[in-house]
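To keep things clear, I will list the structure first and then write my remarks on it.
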Amino acid sequence: EKTYLATLISLNAIHRYGTKVKFFTLASLANKLIEANQNGSLPRLIKQLERLDLLILDELGYIPLHKEGAELLFQVISMCYENKSLVITTNLQFGQWNHVFGDPILTEAVIDRLIHHSHLLLFNGESFRYKESLIQQ
């Protein structure tokens with residue numbers, strides 16, 4: 001449901017307002033940032049992200065980030081703070097985010113920027129995919 005809703009939000013923003021949107025899993029963006037940092041193209045990638053109106057980060061929490069990836073993602077989230085729209089999907093409560101970012105101070109700084117001007121949607125109940133798999137049986 002979360003990924004589906006994030007996709008619908010982005011498609012609506014594109015079609016209705018001409019919004020510039022990019023969709024990443026959190027891990028794939030972290031890997032892309034690390035690679036860009038290592039090959040010297042990080043400033044170009046950051047400029048591409050700066051041109052966006054909306055950044056979707058899907059699946060926070062499935063894969064713990066390496067220190068470099070967590071720090072680079074913090075830079076992106078800080079860049080977005082009060083300047084761009086950001087949608088993040090996760091199954092984790094905020095108290096569990098340290099598992100992903102690996103540093104309690106960095107994790108607190110990320111959460112602080114995200115919750116300042118946010119709308120939090122909580123989903124309860126069984127997973128849509130789980131329900132679908134039961135229907136298929």
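Could you tell me which residue of the stretch 8-27 is least open to solvent (accessible area, probe 1.4 Å), considering only residues that are of a type in the set (Phe, Trp, Tyr) and closer than 21 Å to Gly69 by Cβ?
The selected residue is Phe24.
Please pick out the residue among Ile56, Ile88 that is of a type outside the set (S, T, N, Q), in a strand (DSSP E or B), touching a Phe, Trp or Tyr at 6+ places or on another chain (Cβ under 6 Å) and in contact (Cβ under 8 Å) with a residue 40 or more places away in the chain.
Ile56
Which of the following residues is more than 14 Å from Ile88 (Cα to Cα) and within 13 Å of the chain's Cα centre (by Cα): Leu49, Leu57?
Leu49
Looking at Leu33, Leu5, Leu73, can you tell me which residue is open to solvent by less than 80 Å² (accessible area, probe 1.4 Å), under 20 Å from Asp112 (Cβ atoms), of a type in the set (A, V, I, L, M, F, W, C) and not in a loop (DSSP other than H, G, I, E, B)?
Leu73
Are there any pairs, at least 6 apart or on different chains, whose C-beta atoms fall under 8 Å, with the first in the stretch 7-26 and within 18 Å of Asn83 (Cβ to Cβ) and the second open to solvent by 70 Å² or more (accessible area, probe 1.4 Å) and in a strand (DSSP E or B), and if so, which?
Sorted first by the residue in the stretch 7-26, then by its partner, the pairs are Ser10/Phe23.
Tell me which residues, restricted to the stretch 97-127, are small (Gly, Ala, Ser), within 21 Å of Ile63 (Cβ to Cβ) and modelled with pLDDT under 95.
Result: Ser127, single match.
The values are calculated or read from the model by the stated rules, or taken from the named source; none is laboratory data. Treat the numbers as computed from the prediction; the structure is a model and nothing was measured. Using ideal geometry, Cβ is built from the backbone for each residue, glycine included, and neighbour counts are taken over all protein chains shown. Just so you know, the surface numbers come from the protein's heavy atoms only, side chains and all, with ligands and any DNA or RNA stripped out. Shrake-Rupley method; radii C 1.70, N 1.55, O 1.52, S 1.80 Å.
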